[in-house]
1. Any chance the range 123-138 includes a residue that's in a loop (DSSP other than H, G, I, E, B), within 29 Å of Pro46 (Cβ to Cβ), touching a Leu at 6+ places or on another chain (Cβ under 8 Å) and not aliphatic (A, V, I, L, M)?
2. How about the range 93-122: which of its residues are within 18 Å of Glu132 (Cβ to Cβ) and out of contact with any Phe, Trp or Tyr (no Cβ under 9 Å at 6 or more places or on another chain)?
3. Just to be sure, is Pro32 at pLDDT below 95, assigned to a loop (DSSP other than H, G, I, E, B), under 13 Å from the mean Cα position of the chain (by Cα) and not small (Gly, Ala, Ser)?
4. Do we find a residue being polar (S, T, N, Q) and surrounded by fewer than 19 Cβ atoms within 10 Å (Cβ to Cβ) anywhere in the range 77-87?
5. Take Ser112 and tell me if it is under 27 Å from Thr52 (Cα atoms), within 16 Å of the chain's Cα centre (by Cα) and surrounded by fewer than 18 Cβ atoms within 10 Å (Cβ to Cβ).
6. What's the total number of residues in the range 87-106 that are closer than 26 Å to Gly51 by Cβ and touching a strand residue (DSSP E or B) at 6+ places or on another chain (Cβ under 6 Å)?
7. Please verify whether Gly47 is surrounded by fewer than 16 Cβ atoms within 10 Å (Cβ to Cβ), under 18 Å from Val117 (Cβ atoms) and not polar (S, T, N, Q), treating the condition exactly as stated.
8. For the range 36-92, give me the residue count where each residue is of a type in the set (S, T, N, Q), within 16 Å of the chain's Cα centre (by Cα) and farther than 16 Å from Arg133 by Cα.
Amino acid sequence: MRRLYGVVSALGASVLLFVGPPAQAKGTDSTPPTFAGLKSAITCVPGPIGGTTASYRLSWDPAADDVSRAKKIEYDIYQADKPGGEDFSNPTYTTRAGATSFTTPPLPSDMSVYFVVRARDHAGNRDSNTVERQGVNVCD
């Protein structure tokens with residue numbers, strides 16, 4: 001059913017404006033993205049690794065969300081030096097929107113490092129996966 005919205009007069013002519021039913025207000029997005037978590041965390045340090053640094057390349061499949069498009073989703077990365085040691089209240093790194101990989105700054109290559117990646121939609125909802133990957137030297 002159409003409803004009369006108003007009458008506009010200009011230069012002696014009157015025009016009736018009609019609109020459809022009132023628009024429904026969109027609800028607040030409170031659903032976090034669906035995300036399978038980090039797939040890999042690799043580096044390549046050939047030869048002896050003592051005293052060197054290396055960047056790790058982290059990769060994952062894109063998250064899906066009920067409101068935000070994949071290219072609008074950011075990823076928070078949590079790094080720890082022991083299994084389960086990530087502080088989920090404070091990400092170590094955050095990617096640009098739409099990223100499906102991240103390269104860390106150089107880290108000591110002779111120590112263990114662990115990562116968890118969580119997806120965050122445009123409204124700030126973050127998934128709560130705990131998929132943890134240890135950084136692996138594929139050239140060892």
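The values are calculated or read from the model by the stated rules, or taken from the named source; none is laboratory data. Being a predicted model, the structure only gives us computed values, none of them experimental. Ideal geometry is used to build each Cβ from the backbone, glycine not excepted, and the neighbour counts take in all protein chains shown.
1. There is at least one residue in the range 123-138 that is in a loop (DSSP other than H, G, I, E, B), within 29 Å of Pro46 (Cβ to Cβ), touching a Leu at 6+ places or on another chain (Cβ under 8 Å) and not aliphatic (A, V, I, L, M).
2. If the condition is that a residue be within 18 Å of Glu132 (Cβ to Cβ) and out of contact with any Phe, Trp or Tyr (no Cβ under 9 Å at 6 or more places or on another chain), then Met111, Ser112 are the ones that fit.
3. Details: at pLDDT below 95: yes; assigned to a loop (DSSP other than H, G, I, E, B): yes; under 13 Å from the mean Cα position of the chain (by Cα): yes; not small (Gly, Ala, Ser): yes.
Considered against the rule, which asks whether it is at pLDDT below 95, assigned to a loop (DSSP other than H, G, I, E, B), under 13 Å from the mean Cα position of the chain (by Cα) and not small (Gly, Ala, Ser), Pro32 comes out as yes.
4. no
5. no
6. So the first thing to find is which residues in the range 87-106 are closer than 26 Å to Gly51 by Cβ, and the list is 92-93, 102-106.
Of the ones still in play, those that are also touching a strand residue (DSSP E or B) at 6+ places or on another chain (Cβ under 6 Å) are 92-93, 102-103, 106.
Of the residues in the range 87-106, 5 are closer than 26 Å to Gly51 by Cβ and touching a strand residue (DSSP E or B) at 6+ places or on another chain (Cβ under 6 Å).
7. no
8. So the count comes out to 3.
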